[in-house]
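Inspection log for the structure reproduced underneath, given as structure tokens.
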Amino acid sequence: MDSVRKPARLAGVGLAAVALSLTGVPTAHAEPATHGCPYPYVCFYVDEQAYDAGTPITKYRDVTSSYQTVRSRPHYHVVNTRNDDVAHLRLQDGSSICLPPNSETVFSNAYSVTGIRISTSSAC
């Protein structure tokens, strides 16, 4: 009798697995890129043409406790595609701004960002 029951149990487990695969179990999907900046990056653009073309000059994704050095050059646009993390941007004059999750900023007069610190905080 036991030999009859064991295959029946295995068949039941197999049917349950098939049923789960057909009932809409959530699947992972890629987030769309914003102006060529994929999730979970913070991207920098040198000018409006680069922003419109979706070609960032650099991108960062690591959460750090201190500022990472950003190559000193004029920046036009910065995009934060992270869903829950803010990006602190250190500017050429030593001040800083906070870029909230899923947001972007435009700098006038080709401002230079000299550092970035991505934080797990969801609010500035």
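The values are calculated or read from the model by the stated rules, or taken from the named source; none is laboratory data. Keep in mind it's a predicted model, so treat the numbers as computed, not measured. Protein only, heavy atoms only, side chains kept; ligands, DNA and RNA dropped before computing areas. Shrake-Rupley method; radii C 1.70, N 1.55, O 1.52, S 1.80 Å.
A few notes on this one:
- Against the criterion of solvent-accessible heavy-atom surface with a 1.4 angstrom probe, R82, R90 sort, most first, into R90, R82.
- Computed 3J(HN,Hα) for region 87-104, one whole-Hz value per residue from the Karplus formula 6.51 cos²θ - 1.76 cosθ + 1.60 where θ = phi - 60°, is 10, 8, 10, 8, 9, 4, 8, x, 6, 9, 10, 10, 9, x, x, 6, 9, 8, glycine and proline marked x.
- Entry for region 43-119 at q = 0.23, 0.26, 0.27 Å⁻¹: log10 I(q)/I(0) = -1.08, -1.37, -1.46, Debye formula applied to identical alpha-carbon scatterers, no solvent contribution.
- Fully extending the segment from Y67 to S96 would add 9.4 nm, taking 0.36 nm per residue of separation and subtracting the current Cα-Cα distance.
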